[in-house]
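Visitor: This is the structure, below, for whatever I ask next.
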Amino acid sequence: MKPSRAAVPIKDAKPFWGFSVILALVLVVIALVGLEYLFRQGLLAESFPLRSHGLDSIQFDIKWFKLKEYLARSGGVDVIFTGSSLVNTGIDPEIVQDLALQQTGRAVRFFNYGTEGLSITATAATIQILIDTAHPEVIVLATEMRDYYSASGQELADSYIASPWVQQKLGRLSVPGWLIDHSLLLQKAYVLRDWMQEDFPAALKLNIRRWHDTGETGYEPDNRIMQDVADPIDLNDPQEKASFDMYNGFRVADERLQALQDIVDLCKSRGVQLILLDMPAHATFFGFFGGESEHARYLDFIESFASENEVILISAMPYEHVPPDGWSDRIHLNRTGVPVFSEYLGEEFSSLIENGLLALAGSGVNP
Amino acid sequence: MTITSLVFLGFICASVLLYRLLPVKLRTAWLLFVSVVFCATWSLPFAISLAVLGSVNFLLGKSVRGADDAKKHPAWLWMGLLFNLAFLVFAKYLDFFVPDLLYRLGTLSASWNTGSLTLLVPIGVSFLFVQCVIYLLDIYYQRIPAQARFVPFLVYLFYFPKLLSGPIERPKAFFSQLKDPQPISRDLLSRGMALIAAGLLRKMLIADPLTALLQPDSFANPAQVPLVVLLFDLIAYAFALYNDFAGYSSIVRGVSLLFGIELNKNFNLPYLSRSFNEFWSRWHISLSDALRDYVYFPLSRWLAVRIPKRDHVLNLILPPMITMLVSGLWHGFGWHLLLWGGLHGLYQVCERILRLRKNFRPIHERRNIIRGLSMLVVFLLVLIAWIPFRMHLSVAGQFVKALIPTSVRLQPYLDELYTLRQGDLTQNWLLLLPDIRLLALLAAAIIPDLVHFYSRNELSFLRWPVWLKSLLLGMLILALLFMSLATYRPPFIYQGF
């Protein structure tokens, strides 16, 4: 007769690492699901409002979630301003909207999606994402001379386009991309992922402040004032010398021109009207390129391009209209200069609406 | 393919599974295959140069002793030693000497691209050098027969868990395990996975954040960094280096256990050492043991034959000093590394001299307070030696000078204290103190060692209650998932050697 097997008390049983691993994994899943649920219920929403898609530019993410809030509130968007930091701190959509409503009686929904540091190559990808997500009727692409230099911002653009989330939004699906797009927990974790970098606390504080400073329509005011903006560029200043060395002489890089063409073609294929906007710059800015003659060459280029592609070009407002204390540097407008330029844009858009040139719903205009 | 990546995890799972499914006689070949694949993920030319190194050493091994193993051939041994030394010098100097040569050629309008040359240099070449030399010496001194088969020999050299940064394995023990690896068992799996978990904790949750938080100026422009911050950065560097290398060693030991091969333990609470003798039996143990057996003991015996008096000054000084200088050179051809080795040699010489005293008592017989003080003194002296290890001589000199609490260096603190006494606090006081994150990490860094110290077992947590193990493992997994999102991932420090 076989002896019965005596039960081994649990406390004396040999440790089975496998069971601990399984239990640990269960705890991990519970923790992840629990945190996801808590964040979706609004945990830390006020004190920690930031979310990130793992991009190098947290400002892009700020704009993205502000746009989402805008879409939820307004039921959609009609016109999105895109471009670099010039747009971010240079256009107040509320002023444009109010003026257009006042002059035309039409309530047009404007949003500012200017993102600092993104070159025209990265903006092309952004525009595709905006069209697919927000379904605007008009995209305004603000452009300026630096957009066409191949050295300018290319590394950031490459890393941005290669990121899993951007690839996901451009239609190249992946598990990481899907997770980043849908998981609030992951978006919060991405904000904190570089917690061990030396400047992280200061950067986090700054970004939270930037979130609160960025308005509901995406405009982020700039409070800086450049006192001596009217002075010519100083080649003894290392920063200005570096800019001069980089930009001296206007030239268009093929890949940048291609990016611009791609934007035109994309908008046409998606039935979205593209408007080019030449941003204002102080006259002294063109000293970096070699003077007003180079600026004139740029204007010839952009006007020809717009004409060949049958795209409306809104010319830059004359810089003299901006008060002397309205510049934060030679090309960026500050809180004082923005209302002047935004009113100018309001006038321009009102004119486009009245002349039936803006492809809004019910206007009958074919983009 | 770095060993903390998900790709490596997949690679391990597939390799181990197939290894265990294959018949025993094919397993060695499989290990060679996966090791070659691992090499090739770093660079294919790297794998090719390893093959050349392996082939030459295999043939030299057969030549060092006669076919019947009776006759020694010193000429072949010397040829082997010189070949491996030349390979090491070539590899070490490629990054150092060639750019200088190119610059000079460039002035003569010649041009040469070294990019492809650098790819030929194996990562971990210093470790390979030692293993090749040990192999040849062991054959010469009849500790092992020359390996008859090429495949096991190549696995000895290129076994992927230990390829990049050791541990340095002795051929006898390794070949024996290769021939007869441990069968898969619950204990083996438990220990293997526990070592991997412990290694990931040290590397990703302690070493990487500590390294990221070090101020770049501390090791480039130390005079610009406040005194207390500089001191804590040095301590943080010491713990970052230790946890980085100990973490790596733990991971590779764990991985190797899954194949049934037990690699040497490389670290055993080195910062709790009470003497330098003890420190070098606890820090980078595989290298220390190799240096002891192949440099220190032979040199001591050679000297003892010529100078029988044990406490003769040459017997006291030369063996430890030369051994540590060799250790410095092994790490790299630089004066700062020689200084590091020389400092440790000096420490050991001083210890030997102290032991000659009539009333000398070994440290383990002393009171706790003396033992504690000894631990502190050893740690501080090791810390000082890390200064030239980390930076070139000119910067090391500035670093030491910046650590001295002169009135100039203390003034900012005194100013803040004065302001505080007035009932006010400036914005600057935070800049004068180390980052709170660094302090928290340092506090966390000592926990694994304290647990090991009090339990006397690096894997004592395997015996903890299941709920506790699961909770800690769950927290570890969550932390690792979070850390995997970071943009900055410092490489393994010892991979550079």
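Visitor: Rank A:H182, A:H282, B:H312 by accessible area, highest first, at a 1.4 Å probe radius? Could the numbers behind the result be given before it?
Guide: Numbers: A:H182 85, A:H282 20, B:H312 60 Å².
The ranking, largest first, comes out as A:H182, B:H312, A:H282.
Visitor: Let me ask something else about it. Cα axis of helix B:97-106 to longest principal axis of chain B: angle in degrees, 0 to 90, nearest 10?
Guide: Helix B:97-106 sits at roughly 90 degrees to that axis.
Visitor: Find the accessible area per residue for the protein assembly as shown; the probe is 1.4 Å, ligands and nucleic acids are left out, and the unit is Å². Don't skip to the answer; put the middle values down first.
Guide: Values: 41480 Å² over 864 residues.
I get 48 Å² per residue for the protein assembly as shown.
Visitor: List the residues whose amide H sits under 5 Å from the amide H of A:I312, counting only those 5 or more places along or on another chain, with H placed 1.01 Å from N in the peptide plane.
Guide: A:L276
Visitor: From the phi angles alone, apply the Karplus equation (6.51, -1.76, 1.60; θ = phi - 60°) to the range A:237-242 and give each ³J(HN,Hα) in whole Hz, x where the residue is Gly or Pro.
Guide: Those phi angles translate into 7, x, 5, 5, 5, 4 Hz.
Visitor: Next question. Ordered by packing density, taken as the mean number of other Cβ atoms within 10 Å over each peptide's residues, highest first, how do B:289-295, B:205-211 rank? Before the final figure, lay out each step's value.
Guide: Working: B:289-295: 18.0, B:205-211: 24.3.
Highest to lowest by the protection proxy: B:205-211, B:289-295.
Visitor: Sticking with this structure for a sec: From other protein chains only, count the Cβ atoms within 10 Å of every residue's Cβ in B:185-194, then give the mean.
Guide: That works out to 3 on average.
Visitor: Still on this structure, I have one more. Ranking request for peptides B:49-61, B:337-349: highest mean number of other beta-carbon atoms within 10 Å first, then the rest in descending order. Kindly include the intermediate steps, with their values, before the conclusion.
Guide: Details: B:49-61: 18.8, B:337-349: 21.2.
Result, highest mean first: B:337-349, B:49-61.
Visitor: If you don't mind, another one. What residues does the range B:453-477 have that are buried by at least 40 Å² of accessible area in the full protein assembly compared to the chain on its own, 1.4 angstrom probe?
Guide: Correct list: B:R463, B:V466, B:K469, B:S470, B:L473, B:I477.
Visitor: Okay, next question. Using only DSSP helix segments of four residues or longer, with each worth -39500 (n - 2.57), what per-residue ellipticity at 222 nm results for the protein assembly as shown after dividing by its residue count and rounding to 500?
Guide: Working: 37 runs with 510 residues, N = 864.
Helix contribution divided over all residues of the protein assembly as shown: -19000 deg cm²/dmol.
Visitor: If you don't mind, another one. Residue by residue, what Karplus-based ³J(HN,Hα) values in Hz, rounded to whole numbers, does the range B:85-90 have, using 6.51, -1.76 and 1.60 with θ = phi - 60° and x for Gly and Pro?
Guide: 5, 4, 4, 5, 4, 4
Visitor: Sticking with this one: What does chain A give for Rg and for Dmax, in Å, if only its C-alpha atoms count?
Guide: For chain A, the Cα radius of gyration and maximum Cα-Cα distance read 25.3, 107 Å.
Visitor: Hey, got the dipole for the protein assembly as shown? About the Cα centre, +1 on K and R Cβ, -1 on D and E Cβ, debye to the nearest 20? Before the final figure, lay out the partial values.
Guide: Numbers: 74 positive and 74 negative charges, 1665 e Å.
Computed about the Cα centre, the dipole is about 8000 debye.
Visitor: How do B:V378, B:V408 rank by accessible surface area computed with a 1.4 Å probe, from largest to smallest?
Guide: Details: B:V378 10, B:V408 115 Å².
Ranked list, largest accessible area first: B:V408, B:V378.
Visitor: Taking all protein chains as present, what is the carbon and sulfur share of the accessible area of the range B:148-234, in % to the nearest whole number, probe 1.4 Å?
Guide: Values: 1830 of 2980 Å².
Exposed carbon and sulfur together represent 61 percent of the surface.
Visitor: Still on this model: Pick from A:E294, A:E137, A:E308: which is most flexible by mean-square fluctuation in a GNM of chain A where alpha carbon atoms under 10 Å apart are linked?
Guide: A:E308
Visitor: Would you list B:I447, B:I12 from the most to the least accessible area, probe 1.4 Å? Each step should come with its number before you reach the end.
Guide: Working: B:I447 95, B:I12 15 Å².
Descending accessible area places them as B:I447, B:I12.
Visitor: Which of the residue pairs B:K72/B:K172; A:K188/B:K203; A:K66/A:K268; B:K71/B:K179; B:K62/B:K162; B:K72/B:K92 have a Cα-Cα distance greater than 22 Å in the structure shown? Write down the numbers at each step before the final one.
Guide: On the way: B:K72/B:K172 19 Å; A:K188/B:K203 24 Å; A:K66/A:K268 26 Å; B:K71/B:K179 27 Å; B:K62/B:K162 24 Å; B:K72/B:K92 31 Å.
Exceeds cut-off: A:K188/B:K203; A:K66/A:K268; B:K71/B:K179; B:K62/B:K162; B:K72/B:K92.
Visitor: Excluding ligands and nucleic acids, what accessible area in Å² is computed for A:L32 using a 1.4 Å probe, to the nearest 10?
Guide: 60 Å²
Visitor: To the nearest 10 square angstrom, how much accessible area does A:H135 have with a 1.4 angstrom probe?
Guide: Solvent-accessible area, nearest 10 Å²: 120 Å².
Visitor: Leaving ligands, DNA and RNA out of it, work out the accessible area of A:R335 with a 1.4 Å probe and give it in Å² to the nearest 10.
Guide: 130 Å²
Visitor: Over all residues in B:133-143, what is the mean tally of Cβ atoms on other chains that come within 10 Å of each residue's Cβ? Intermediate values should be presented prior to the final figure.
Guide: Working: counts 0, 0, 0, 0, 0, 0, 0, 0, 0, 0, 0.
If you average over the peptide's residues, the count of other-chain Cβ atoms is 0.
Visitor: According to the square roots a ≥ b ≥ c of the eigenvalues of the Cα gyration tensor, what is the shape class of the range B:3-48, taking rounded for a/c under 1.5, prolate for a/b larger than b/c otherwise, and oblate for the remainder? Mind showing how you got there, number by number?
Guide: Working: a/c = 4.18, a/b = 1.31, b/c = 3.19.
Oblate is the answer for the range B:3-48, as a/c is 1.5 or above yet b/c matches or exceeds a/b.
Visitor: Compute the Cα gyration tensor for the range A:272-334, then decide on rounded, prolate or oblate, letting a ≥ b ≥ c be the square roots of its eigenvalues: rounded whenever a/c is under 1.5, prolate when a/b is larger than b/c in the other cases, and oblate in all that remain. Intermediate results must be reported in sequence, preceding the final value.
Guide: Working: a/c = 2.94, a/b = 1.51, b/c = 1.94.
Since a/c reaches 1.5 but b/c is at least a/b, the shape of the range A:272-334 is classed as oblate.
Visitor: While we're here: What shape does the range B:432-489 take by its C-alpha gyration tensor, where a ≥ b ≥ c are the square roots of the eigenvalues and a/c under 1.5 counts as rounded, a/b above b/c as prolate, and the rest as oblate? Write down the numbers at each step before the final one.
Guide: Numbers: a/c = 2.79, a/b = 1.35, b/c = 2.06.
Taking the square roots of the gyration eigenvalues as a ≥ b ≥ c, the range B:432-489 is oblate.
Visitor: Ok, one more. Could you check how much of the accessible area of the range B:402-497 is carbon and sulfur, as a whole percent, using a 1.4 Å probe? Let's see the in-between values first.
Guide: Numbers: 4210 of 6090 Å².
Summing carbon and sulfur atoms, their accessible area is 69 percent of the total for the range B:402-497.
Visitor: Where does the range B:125-220 land on Rg/Rh, using Cα atoms and the Kirkwood Rh?
Guide: Numbers: Rg = 18.2 Å, Rh = 16.3 Å.
My calculation of the ratio gives 1.12.
Visitor: Using modelled amide H (1.01 Å from N, peptide plane; none on Pro or chain starts), what sits under 5 Å from the amide H of A:L118, excluding residues fewer than 5 places away?
Guide: A:S85
Visitor: Buried accessible area for the A:B pair, summed, 1.4 Å probe, in Å² rounded to 100?
Guide: Details: alone 18600 and 25530 Å², together 41480 Å².
Protein heavy atoms only, the A-B interface buries about 2700 Å².
Visitor: Step through the residues of the range A:36-41 one at a time and calculate ³J(HN,Hα) from phi using the Karplus curve (6.51 cos²θ - 1.76 cosθ + 1.60, θ = phi - 60°), rounding each to whole Hz and writing x for Gly and Pro.
Guide: Per-residue couplings from phi come out as 4, 5, 5, 5, 5, 7 Hz.
Visitor: Anyone know which of A:R106, A:R146, A:R73 comes out most mobile in the 10 Å Cα GNM of chain A?
Guide: Of the options given, A:R73 has the highest mean-square fluctuation.
Visitor: Give me the log10 of I(q) over I(0) for the range B:224-298 at q = 0.25 Å⁻¹, as the Debye formula computes it from C-alpha points; what are the numbers?
Guide: The calculated log intensity ratios at q = 0.25 Å⁻¹ are -1.11.
Visitor: Moving to a separate point now. Kindly express, to the nearest 10 degrees and within the range 0 to 90, the angle between helix A:200-213's C-alpha long axis and the longest C-alpha principal axis of chain A.
Guide: Value to nearest ten degrees: 60.
Visitor: Another question, then. Just tell me how shielded B:480-487 is by partners: mean number of partner chain Cβ atoms within 10 Å of each residue's Cβ, no decimals.
Guide: The per-residue average across the peptide is 5.
The values are calculated or read from the model by the stated rules, or taken from the named source; none is laboratory data. On a predicted model such as this, the values are computed, not experimentally measured, just so you know. Positions of Cβ are backbone-derived with ideal geometry, glycine not excepted, and every protein chain shown enters the neighbour counts. Heavy atoms of the whole protein, side chains included, go into the accessibility calculation; ligands, DNA and RNA do not. Shrake-Rupley method; radii C 1.70, N 1.55, O 1.52, S 1.80 Å.
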